[in-house]
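Asker: Structure in structure tokens, see below.
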């Protein structure tokens, strides 16, 4: 039925028994009950407006997740107009514009997304890939790599790059990005101890087997681990890594026999790895100077020679072993 202002017919008697009247624009008085209902109506309208504004973010995010690009673009356009400081919304607005093929607008929106330089250049690369501007793709991917971009997962999974992956320019940039992600794989310094990596039988002389040692390069080239098992039941482990700040190799060894070794150094003139430091014996709490030398031999074996000194001048042999690769 149509709305009626005839409140005297619809309101309970207690509300109309002694009405207090308010002035209207015409100077006439309005029953308090009418003023109250108008106030409630205005309050409801205000609350509805606030909820609608809040719901717009949800609408934008839901459309984005569902890849409903036009609906998402419309919603994010409204959101960034209302709040130009919301970088997440600018980023998603740029992404929706990219998906819609509106590359120029996407680039403008992306500039307001507050991304670090490497990520910004990568996202620009995606936009140019969608627009099929090959020269810009390679140029911006180079910029991304030089700025430190390192997200190999994103680079490998991006379907927009399908037509560019076999191009030498793309491969070169991708290699630089991999170096950003896994730098130890690429530097010469981290490869200096590679001659020791492998599975070995270790002999004290040609007929006396001392034990087995497995040397593994792990953590994408940043760490070398040692797993020693002696024929008499001894065991020990070491970690070995290159410290770029000190320009030194470091070995930390711990053995079940109750001693630890901490030695540092690098390659010497004959190509051997020589590390010096100390050995500490737990049982009697004593410490001595210690030196280890690993020398690659022409026949493929590796000689390991350890020495100990109590005065730092006079050295005595501690262990000598010859590594032969296990069959």
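None of the figures in this text is laboratory data; all of them are computed from the coordinates on show. Nothing here was measured: the structure is a model prediction, and the numbers come from that model. Positions of Cβ are backbone-derived with ideal geometry, glycine not excepted, and every protein chain shown enters the neighbour counts.
Asker: In Å and whole numbers, how far do the C-alpha atoms of the stretch 163-256 stretch along each principal axis, longest first?
Answerer: Taking the Cα atoms of the stretch 163-256, the three principal extents are 59, 30, 20 Å.
Asker: Checking the a/c ratio against 1.5 first, then a/b against b/c, what shape does the Cα gyration tensor give for the stretch 108-161? Please list the in-between numbers first.
Answerer: Details: a/c = 1.41, a/b = 1.08, b/c = 1.30.
In terms of gyration-tensor shape, rounded.
Asker: Using alpha carbons only, how many angstrom separate the centre of the stretch 85-99 from the centre of the stretch 227-256?
Answerer: 50 Å
Asker: For 156, 103, which order do you get if you count the other beta carbons within 10 Å of each Cβ and list the fewest first? Display every interim value, and only then the final one.
Answerer: Values: 156 12, 103 20.
Starting with the residue having the fewest Cβ neighbours, the order is 156, 103.
Asker: Something else: Which FRET efficiency value, to the nearest 0.05, do you get for residue 100 and residue 197 by plugging their Cβ-Cβ distance into 1/(1 + (r/R0)^6) with R0 = 56 Å? Before the final figure, lay out the partial values.
Answerer: On the way: r = 51 Å, r/R0 = 0.92.
The pair residue 100/residue 197 has a calculated efficiency of 0.65.
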